[in-house]
Amino acid sequence: MKTSIAASAFALMTSPAFAQDVKTTLPDAVGQVSPALEAYATDTIFGSEWTNEALSMRDRALLTFAALVTRHETEDLGSYVALALDAGVTPAELSETITHLAFYTGFGNATAASEAAAPVFAARGVSIDALPPVSPDLLPLNEEAEAAREKFVSGLYSDVSIGVVDNTREVLFLDLWLRPDLAPRDRSLVTVAALIAAGQPEQMTFHLNRAMDNGLSQEEAGAMLSHLAFYAGWPKVFSAMPIAKEVFENRGQ
């Protein structure tokens, strides 16, 4: 039964019907003011980029949501919440993404995203029981990797702000990153998407490497850059391209 449901969901996400759902994220005002922009959106973004199989529809919906939260583009964010749910992102995963992005894009962005998501959750009957608990059983810690990260950060910055160093260790890497309701790969995906959308490529080396360690392929990472060009802008993506290139080359891929 589960296999049948999963197959049906995949068929929906790759069907013309789902492509039409993506188009509903475009406000009517765009066609009224800029028919050329409407055509680019319909033909290139929705008709080509979103349907490129290098990255799944689900991943595209999740990283688009992360980029829009980062950019505080909340006016139409509810439509992207609905899109993500339709694409297979669970309410728990969206909830956890908002929690995660509070630490990487700021609490104001996360609270605004919560306000945009709340009516969609209510309309779809998403209850508190379907959302991640405050204190779940955490995922296992990669102690060697954490020790290396802590040594590097502490060595550089403990005499600058011990509070930042301590909170980075205790709140982020010993807690937030180990919460189980967003898979490590997806947590890395939304983090890298947020860094690109925020124009902070200098932070990408660590997080893109971590994303690939967590299962993101080079093809998927390249597709993420292509997708984000439309939602964060070409300059931000081209600022990120040299970092991605260096990461790929250093990994020998």
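Read the figures in this text as sums done on the coordinates, not as results from a lab. Because the structure is a prediction, the values reported are computed rather than measured. Here the Cβ positions follow ideal geometry from the backbone for every residue, glycine too, while neighbour counts run over all protein chains shown.
Local charge sum around Gly108 (other residues, Cβ-Cβ under 14 Å, Lys/Arg +1, Asp/Glu -1)? Don't skip to the answer; put the middle values down first.
Values: positive: Arg71; negative: Glu73, Glu115.
Residues near Gly108 contribute -1 overall.
Please state, to two decimals, what the Cα-based radius of gyration of the chain comes to when divided by 2.2 N^0.38 Å (N = residues).
Values: Rg = 18.6 Å, N = 253, 2.2 N^0.38 = 18.0 Å.
For the chain, the normalised Cα radius of gyration is 1.03.
With +1 on each Lys and Arg Cβ and -1 on each Asp and Glu Cβ, and nothing else charged, work out how big the dipole of the stretch 110-253 is about its Cα centre, in Debye to the nearest 20. Present the calculation step by step, with values, prior to reporting the outcome.
Values: 11 positive and 19 negative charges, 89 e Å.
Roughly 420 debye for the stretch 110-253.
Tell me what the chain gives for mean residue ellipticity at 222 nm when only DSSP H runs of n ≥ 4 count, each as -39,500 (n - 2.57), the sum divided by the residue total, rounded to 500 deg cm²/dmol.
Numbers: 14 runs with 165 residues, N = 253.
So the helix-based figure for the chain works out to -20000 deg cm²/dmol.
Rg/Rh for the stretch 109-214 to two decimals, with Rh computed the Kirkwood way over all alpha-carbon pairs.
Numbers: Rg = 16.1 Å, Rh = 15.9 Å.
Looking at the stretch 109-214, the ratio lands at 1.01.
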